[in-house]
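Here the structure comes first, spelled out in structure tokens, and everything after it is commentary.
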Amino acid sequence: MTQESNPFRRSFVPFRGRFDPCPPLGKRTFVTPPNLFIGFQPPDFPQFSPIEALKKGTLWKPFYDFYESPYKK
Amino acid sequence: MALMKSLPKEYYQQLEEIQAVDFVVYELVLYLDTHPNDSQAIQQYNQYAQYSKQLKTQFEALFGPLQFGTAVKNKQEWEWSTQPWPWQV
Amino acid sequence: MWAYEKKLMYPVKVSTCNPTLAKYLMEQYGGADGELAAALRYLNQRYTIPDKVIGLLTDIGTEEFAHLEMIATMIYKLTKDATPQQLRDAGLAEHYVSHDSALFYNNAAGVPFTATYIQAKGDPIADLYEDIAAEEKARATYQWIIDQSDDPDLNDGLRFLREREIIHSQRFREAVQMITDDQNQQKIF
């Protein structure tokens, strides 16, 4: 399992059988969001401004994880 | 019944400001639920809770009630049920 | 009791009249890992969870109803003024013949909501681990809906909701720690 440039994604390449009909998608990725790594939130965590917090869906910068479809070109 | 034909830009601007401030309040509530001894966060919560109340009072004077059970300005019309609902605006 | 506030938690917008996307969103309305299931699960678990976690379940459970209202708003806006033909083209003819354009608690495949989607074991660890899993499943569901959607305004709202799942999962993980930690080792900040 490798770490992508995005710190909150991991990837793997599934075994390819000789008779798999679909052309391979190649590397499969999955999300490993920040809440997996932070543990109990420490005090004085950096915050977004109110309007930015609303836009981002969290007040706390270290928990923000933007999602984009990995299939999007 | 006087359903407004369309709402002015200010409605959306002021509403979004309230949504942003209430969101901070909300995030601090969840944080405090698991960090009940963080006095700094309690202080920040109080500030934003106060600010939210102010913004809502201003908004309600212009566009009708947001919060259930609070006193209303307009005594001629029961705006709670005559003004549009969140999914309509 | 609960008191209604006449506003959405987040300003929901959609770009186009697109009943197909509304159909996908029903997964988060009446689906197994949807917002209704989440709200009912957390609020119901409150009665048997240790006292220090009741506040968190109450507040997150309440937020889930705000999310449910956002999903309902998205579905409403995506199907409002859609003709029966448009609904049929979106695969919603089966929905239409029973409900017209009314919202109903079923999932994207039309399966009605059931209480068997949620659990209350009475065991605090089992219940909180279910809650963490529920948040991760809801986060994944939002990802797959975003993958299927080409509506930038809708995706904006969906990204907000997805991020909320991350925060909720974080808080439930902290709750597990709170009730697992030695009582004498209170965290002081």
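What you get for region B:3-54, charging only the Cβ of Lys and Arg (+1) and of Asp and Glu (-1), is a dipole of about 260 debye around the Cα centre. Computed over Cα pairs, the Kirkwood radius of the protein assembly as shown leads via Stokes-Einstein (1.306 mPa s, 10 °C) to a diffusion coefficient of 72 µm² per second. Pairs over the 20 Å Cα-Cα cut-off, from the set A:LYS61/B:LYS53; B:LYS56/C:LYS80; B:LYS9/C:LYS23; C:LYS23/C:LYS77; B:LYS53/C:LYS13; A:LYS55/C:LYS13: A:LYS61/B:LYS53; B:LYS56/C:LYS80; B:LYS9/C:LYS23; B:LYS53/C:LYS13. Using only Cα atoms, tell me the angle between helix B:9-34 and the longest principal axis of chain B; keep it within 0 to 90° and round to the nearest 10. Approximately 30 degrees, to the nearest 10. When the Debye formula is applied to the Cα atoms of region C:84-167, each taken as the same point scatterer, what base-10 log of I(q)/I(0) results at q = 0.14, 0.15, 0.22 Å⁻¹? The Cα Debye sum returns log10 ratios of -0.69, -0.78, -1.14.
Shape annotation for chain B: C-alpha extents along the principal axes are 50, 24, 18 Å, from largest to smallest. Just the Cα atoms of region C:1-146, one point each, no solvent: what log10 I(q)/I(0) does Debye give at q = 0.17 Å⁻¹? Scattering profile of region C:1-146, log10 relative to I(0): -0.95.
C:LYS52 exposes around 80 Å² of accessible area when a 1.4 Å probe is run over every protein chain in place. Taking C:THR116, C:THR48, C:THR79 in turn, the Gaussian network model of chain C (Cα-Cα springs below 10 Å) assigns the largest fluctuation to C:THR116. I'd like the distance between the alpha-carbon centres of region B:1-49 and region C:47-68, rounded to an integer number of Å. Value for the Cα centre distance between the two parts: 18 Å. Helices in chain C that qualify as membrane-span-like (whole DSSP H runs, Cα extent of at least 24 Å along the helix axis, mean Kyte-Doolittle hydropathy of 0.0 or higher) are C:51-79. Rounded to whole numbers, the Karplus 3J(HN,Hα) couplings from phi for region A:54-61 are 4, 4, 8, x, 8, 7, 9, 3 Hz, using 6.51 cos²θ - 1.76 cosθ + 1.60 with θ = phi - 60°, and x at Gly and Pro.
The values are calculated or read from the model by the stated rules, or taken from the named source; none is laboratory data. Because the structure is predicted, anything quoted here is derived from the model rather than measured. Ideal geometry is used to build each Cβ from the backbone, glycine not excepted, and the neighbour counts take in all protein chains shown. In case anyone asks, the SASA skips ligands and DNA or RNA and just uses the protein heavy atoms, side chains included. Shrake-Rupley method; radii C 1.70, N 1.55, O 1.52, S 1.80 Å.
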